[in-house]
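Peer 1: Here it is, the structure in full.
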Ligand code: ATP
Ligand code: MG
């Protein structure tokens, strides 16, 4: 057994564990399949009586035969229903469990996982792949049970009727096996590739759809079209390959079965093998042998189905097995003072060769308001993202109230920090629910209103048709950039955390709203440690302290007046903006 097979068995085993709680439904499905197989065998065996009835049509025989036809089909129908329904019951429950677990894990994964995986691909894991697991495996299980049992039943009947003849038939079996094996191996490979290209289609199209404005204004249509076209082409070619393998496998297997039957008929007609078989028995035997063609064909395709399911399950389990964010700290204070201390902190993103932050040393006493300025890409957002531990730094130490951030329980650490990020994220819900998001959802209405007022959001909220209860649309499409920012600020204010981080929080605001927000922020900065990142220097002049970053280093540190007087980097930035503005 090679490694891939071993891991396949592991995957089966793991899937099986999910099905275990539903053993009762599964058993009922098995019973259904036994009924189905028995009825199918009964149909073949009944041929003997049909011939007898034709040769000797007495009234009793007529009643017997018509009753048998209806009875056998009704029985098979019952078997079909039981097996289909109960296996679906198991399958849907397994999908549900898998889906929930994958989602739960995704929610706990570290930032770098999301940096490395396109969102379309992640979404398709929850939709397409999970569905595929259940679809392929339930179909496979049904085929194995239903058709497998039918084959056993028919074979049993054949052996019982004439074992010599049966031997001839069985001799052809291994030949079929070889073909099946070859076909299924090709399948496995191709279906893996198809699955990953499907994710790419989702990714490319969702990018082009969400970014349609950029695509159109920058003339990206041709590029996007080509990208999509190439990817769709690949999926089509893979699909064709899969179809061709399937299309070849089926007829080849069927022809082999036909050859087996022909040999069977030929041998059958020799007197020493036929023995004392009546015409009825002979017809029943042939019926059984031909009836087996379909189950055999199905069983030969089952391997491909299983492979499809296993490939999908592999992927799903892969996501489940991703390491969640490290959370082994135990320190869980109710509310910190908010003193922040960085000592020789170095950081780089996983895939990078160079440090993004070099030896940062910084001491921020509780309650201070600190502004971070510097060129784009100098590492401002990166620096603040280390505080809530979105990333783990490589060396040095970050402390809050003299406790290393790694000693905190993650939830407790993040509860201390209110963050307004550069990209405001809104959920497709009401304005109130967007402000009072997550842990804040039980906040009273008055507090939500108060936060909105302080963030100068209430003025536009009140003009909306349903006020705070207005739906904002998918990621807040109904709102302007500045309105979105004000909602994000309101959310942060409502949180009332000892540490407040504002990353370009006022960049989308006009000068007037900005002035209001500025005043509001001055209010809320009181009594908490605040880190403000801003490009527009006018917004941070009143900060207690300004840090200038350059290529991952803090190059200047002081108040607005001090830094201007020093005539260094800050002075230059200031001059530049002054001459622009
Ligand atoms: P801006 O003012 O434009 O927001 P910034 O000072 O906030 O810039 P950062 O976002 O901290 O800059 O980025 C610092 C560097 O880290 C940049 O060179 C950027 O390319 C890189 N970087 C940022 N985010 C990631 C990420 N998730 N993965 C890899 N590299 C990143
Ligand atoms: Mg930034």
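Peer 1: Can you give me the angle between helix 3-19 and the longest principal axis of the chain, using Cα atoms only, in degrees from 0 to 90, rounded to the nearest 10?
Peer 2: With both axes taken from Cα atoms, the answer is about 90 degrees.
Peer 1: Residue 123 to residue 344: FRET efficiency via 1/(1 + (r/R0)^6), r the Cβ-Cβ distance, R0 41 Å, to the nearest 0.05?
Peer 2: Working: r = 40 Å, r/R0 = 0.97.
Between residue 123 and residue 344 the formula returns 0.55.
Peer 1: Please list, in order, the residues from the stretch 1-37 whose amide nitrogen is less than 13 Å from a point placed 7 Å along the Cα→Cβ vector of residue 152.
Peer 2: So the set is 30-37.
Peer 1: Follow-up. Given 0.36 nm per residue, what is the gain on full extension from residue 23 to residue 278 after removing their alpha carbon distance, in nm?
Peer 2: Details: separation 255, 0.36 × 255 = 91.80 nm, distance 4.47 nm.
Taking residue 23 through residue 278 to full extension adds about 87.3 nm, to one decimal.
Peer 1: Could you work out how much longer the chain between residue 477 and residue 159 gets when fully extended? Use 0.36 nm per residue separation minus the Cα distance between them, nm to one decimal.
Peer 2: Working: separation 318, 0.36 × 318 = 114.48 nm, distance 7.09 nm.
That works out to 107.4 nm of additional length.
Peer 1: As an exercise, use a Förster radius of 25 Å and the Cβ-Cβ distance of residue 422 and residue 14 to find the FRET efficiency, rounded to the nearest 0.05. If you can, show how the numbers build up before the last one.
Peer 2: Numbers: r = 40 Å, r/R0 = 1.60.
Taking R0 as 25 Å, the efficiency between residue 422 and residue 14 is 0.05.
Peer 1: Related question: Roughly how far apart, in whole Å, are the Cα centres of the stretch 79-149 and the stretch 11-54?
Peer 2: 24 Å
Peer 1: Then there is this: What order do you get for 325-333, 517-525 when each peptide is scored by the mean count of other beta carbon atoms within 10 Å, highest first?
Peer 2: In decreasing order of mean packing, 325-333, 517-525 become 517-525, 325-333.
Peer 1: Fewest first, what order do 345, 420, 50, 70 take by the number of other Cβ atoms within 10 Å? Intermediate results must be reported in sequence, preceding the final value.
Peer 2: Details: 345 21, 420 24, 50 18, 70 9.
Final ranking by Cβ density, sparse to dense: 70, 50, 345, 420.
Peer 1: Please work out the Cα center distance from the stretch 503-581 to the stretch 366-417, rounded to the nearest Å.
Peer 2: About 19 Å separates the Cα centre of the stretch 503-581 from the one of the stretch 366-417.
Peer 1: Counting each DSSP H run of 4 or more residues in the chain as -39500 (n - 2.57), what helix-only mean residue ellipticity at 222 nm follows after dividing by all residues, to the nearest 500 deg cm²/dmol? If you can, show how the numbers build up before the last one.
Peer 2: Details: 22 runs with 369 residues, N = 581.
The helix contribution divided over the chain gives -21000 deg cm²/dmol.
Peer 1: In addition: For residue 100 and residue 228, FRET efficiency with R0 = 45 Å and r from the beta-carbon atoms, rounded to 0.05? Intermediate results must be reported in sequence, preceding the final value.
Peer 2: On the way: r = 32 Å, r/R0 = 0.71.
In this case the efficiency is close to 0.90.
Peer 1: Same structure, new question: How much length is gained if the chain between residue 237 and residue 359 is pulled fully straight, taking 0.36 nm per residue apart and subtracting their Cα-Cα distance, in nm to one decimal? List each step's numbers first, then the result.
Peer 2: Values: separation 122, 0.36 × 122 = 43.92 nm, distance 5.16 nm.
Taking residue 237 through residue 359 to full extension adds about 38.8 nm, to one decimal.
Peer 1: If the viscosity is 1.306 mPa s and the temperature 10 °C, what translational diffusion coefficient in µm²/s does Stokes-Einstein give for the chain when Rh comes from Kirkwood over Cα pairs? Each step should come with its number before you reach the end.
Peer 2: On the way: Rh = 29.8 Å.
In µm²/s, the coefficient rounds to 53.
Peer 1: Specify the angular offset, from 0 to 90 degrees and rounded to the nearest 10, of the alpha carbon long axis of helix 23-55 from the longest principal axis of the alpha carbons in the chain.
Peer 2: Orientation of helix 23-55: about 30 degrees from the principal axis.
Peer 1: Where does each of 500, 342, 109 land when they are ranked from fewest to most other beta-carbon atoms within 10 angstrom?
Peer 2: On the way: 500 25, 342 22, 109 16.
Ranking 500, 342, 109 by Cβ neighbours within 10 Å, fewest first, gives 109, 342, 500.
Peer 1: May I pose another question? Any chance you could give the angle, 0 to 90 degrees and rounded to 10, that helix 481-495 forms with the longest Cα principal axis of the chain?
Peer 2: That works out to roughly 90 degrees.
Peer 1: Cut-off is 10 Å between beta-carbons; in what order do 301, 197, 40, 579 appear when sorted fewest neighbours first? Spell out each step's value before the answer.
Peer 2: Numbers: 301 22, 197 19, 40 26, 579 7.
Sorted ascending by nearby Cβ count, the order is 579, 197, 301, 40.
Peer 1: According to a simple spin-label model (label point 7 Å from Cα along Cα-to-Cβ), what is the distance in nm between residue 566 and residue 78?
Peer 2: With each label placed 7 Å out from Cα toward Cβ, I get 8.9 nm.
Peer 1: Measuring from centroid to centroid over Cα atoms, what is the spacing of the stretch 287-364 and the stretch 198-229 in Å?
Peer 2: 26 Å
Laboratory data are not the source of any read-out in this text; all were calculated from the coordinates shown. None of these values were measured; they are calculated from a predicted model. We place every Cβ from the backbone using ideal geometry, glycine too, and count neighbours over all the protein chains shown.
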